Amino acid sequence: MPIQPPAPPPPPQFRLAERYPTEIDFPAVLRRAGVEVEQQQRVTKAQDLLRSLPENSPAALKRQIVEAAFTAFDVPTQKIIQAASAEVDALQAFIREGGARAQKVIDEGTARIAELDAEIAEIRESMAAALADQAIRDAATEEQIAGVKPILAFFAHQEPGLGDFMNSRDVPPPAFMREPSQANFMKPRAAQPSSPLPDTLTDIDVE
């Protein structure tokens, strides 16, 4: 007997994606990206200094003021530029990372939805088949009932109310169908020689 190959393992169970907070700790993000605290402080000082300058000041004048301020603190302008560039690169990488994570959630969710849609379609097909099969059984059963009803019509005169039963399947069958009635069903009676009926019919109660 050939050895059957092992069944493939079931697919991993789908789990909803982890939610990430929308409030971002940017200093922590920059530290994880390799931007040192000292670099972040240089950028923060430059931001604060620029905000303190009048908005209508010429750009050249703003640049001179900022350069003079950092020269006084012995901070070369080049280091400020490098720190700012490092922060921008780190923040853009943070955006790409989040976008890739979100895209993964979308891809996995789309695949799972396709699986569920296929399962729903299979369930709907099974439901429709069940209804179609039952309709065939109903038609065959109604045909069988139609063949039995003439018997009820034939014996209706022997049981009061039997006509109502023929139009309602909720009414229990008449007594003579549940068990023989010794009082009214096939009650033997004495032979009547003067009767014109054949001897085989003289035992039937025709009352």
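Filter segment 73-99 down to the residues that are part of a helix (DSSP H, G or I) and of a type in the set (Val, Ile, Thr), then identify the one that is farthest from Ala46 (Cα to Cα).
Ile95
Scan segment 39-64 for residues that are without any contact (Cβ under 8 Å) to a residue 40 or more places away in the chain and under 17 Å from Gln78 (Cβ atoms) and jot them down.
Within segment 39-64, Gln41, Lys45, Ala46, Leu49, Arg63, Gln64 meet the criteria.
Which number in (1) polar (S, T, N, Q); (2) at pLDDT 85 or above; (3) assigned to a helix (DSSP H, G or I) marks the one condition that Thr22 misses?
Among (1) polar (S, T, N, Q); (2) at pLDDT 85 or above; (3) assigned to a helix (DSSP H, G or I), Thr22 violates only (3).
Tell me the residue from Ala111, Ala128, Ala140 that is within 30 Å of Glu18 (Cβ to Cβ), at pLDDT 65 or above and not basic (Lys, Arg), please.
None of the other options fit; the residue is Ala111.
Considering only residues that are closer than 21 Å to Leu91 by Cβ, open to solvent by 80 Å² or more (accessible area, probe 1.4 Å) and assigned to a loop (DSSP other than H, G, I, E, B), which ones fall in segment 31-69?
If the condition is that a residue be closer than 21 Å to Leu91 by Cβ, open to solvent by 80 Å² or more (accessible area, probe 1.4 Å) and assigned to a loop (DSSP other than H, G, I, E, B), then Glu36 is the only one that fits.
From Ala90, Ala72, Ala102, Ala83, grab the single residue that is aliphatic (A, V, I, L, M) and exposed (fewer than 11 other Cβ atoms within 10 Å of the Cβ).
Ala72
The values are calculated or read from the model by the stated rules, or taken from the named source; none is laboratory data. Since we're looking at a predicted model, the values are computed, not measured. Neighbour counts are summed over all protein chains in view; Cβ atoms, including those assigned to glycine, are modelled from backbone coordinates with ideal geometry. Each accessible area value is taken on the protein alone, full model and side chains, heavy atoms only, with ligands, DNA and RNA left out. Shrake-Rupley method; radii C 1.70, N 1.55, O 1.52, S 1.80 Å.
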